[in-house]
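Below is one structure, written out as structure tokens, with a few remarks after it.
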Amino acid sequence: MGDVAARPLRADAERSVRAVLEAAERVLAEDPGASMEQIAAAAGVARTTIHRRFANRQSLIEALALSAARQLAQAVDDGRPDTAPPLVAMHRITANVLQVKGAWAFALGLPADPDSEAAVLQQDIDRRCVAVLRRAQAENVIDAAADLEWVRRVYYALIGESLRGGAEGPGPDGSDGGGPDAGGPGGGGSDPDALAARIIDTLLHGAGPRA
């Protein structure tokens, strides 16, 4: 009986933590030096609530970074990198990652301690990315002589530039790719699928002439 009664409290606690982390992302993106009290106000929770959940400001920032890293890892996993056809997996992962990175840009930009769970998650994401590229290479989608670590770095750079903006002009399907002012997840255009298609097209074909 007591266990059943406790469930709503746990759910409320999870919601309040989520609200605090979302508020921390918004507030710290605008002012990295913002206080715990400012974050609590933005989250609509009492100061005592935020201090009860997080021992200090550093623990809040670490929780923010870990939460964002977990969501990024889930975004990659949802793209079925090990089982979906390589091009399908690359497209799904890219669209998913654009949305997570757009929503949690500050948190994902925080330096991670090499021994932290966030750093381990990022290393696993890197490994899974190369594994998808290797599958694409085996299917002749990527040149057999290509350095896959370099391809991974270029791929990450394309995602980063897409989120930062400057992606003006039409996309590969002739539609407007849009920049950060075009709206949509992370300001990376109105449709993450269209932007993902543009990123993959650029990664695989570059800027050379098309047949």
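The values are calculated or read from the model by the stated rules, or taken from the named source; none is laboratory data. These figures come from a predicted structure and were not determined experimentally. FYI the Cβ positions are ideal-geometry reconstructions off the backbone, even for glycines, and counts take in every protein chain you see.
Contact map, the stretch 126-147: residues that are in the same structural domain as residue 93 (by TED's automatic domain parsing) paired with residues that are acidic (Asp, Glu) and not in a helix (DSSP H, G or I), Cβ distance under 8 Å, separation 6+ or inter-chain. Pairs shown: 128/82; 131/82; 137/143.
Could we say that residue 30 is under 23 Å from residue 12 (Cβ atoms), of a type in the set (Asp, Glu), under 21 Å from the mean Cα position of the chain (by Cα) and outside the structural domain of residue 117 (by TED's automatic domain parsing) here?
no
You will find that of 75, 19, the residue that is assigned to a helix (DSSP H, G or I), in contact with a helix residue (DSSP H, G or I) (Cβ under 6 Å, 6 or more places away or on another chain) and modelled with pLDDT under 95 is 19 and no other. So is residue 55 buried (at least 17 other Cβ atoms within 10 Å of the Cβ), more than 18 Å from the chain's Cα centre (by Cα) and either in contact (Cβ under 8 Å) with a residue 60 or more places away in the chain or assigned to a loop (DSSP other than H, G, I, E, B) (or both) or not? Considered against the rule, which asks whether it is buried (at least 17 other Cβ atoms within 10 Å of the Cβ), more than 18 Å from the chain's Cα centre (by Cα) and either in contact (Cβ under 8 Å) with a residue 60 or more places away in the chain or assigned to a loop (DSSP other than H, G, I, E, B) (or both), residue 55 comes out as no.
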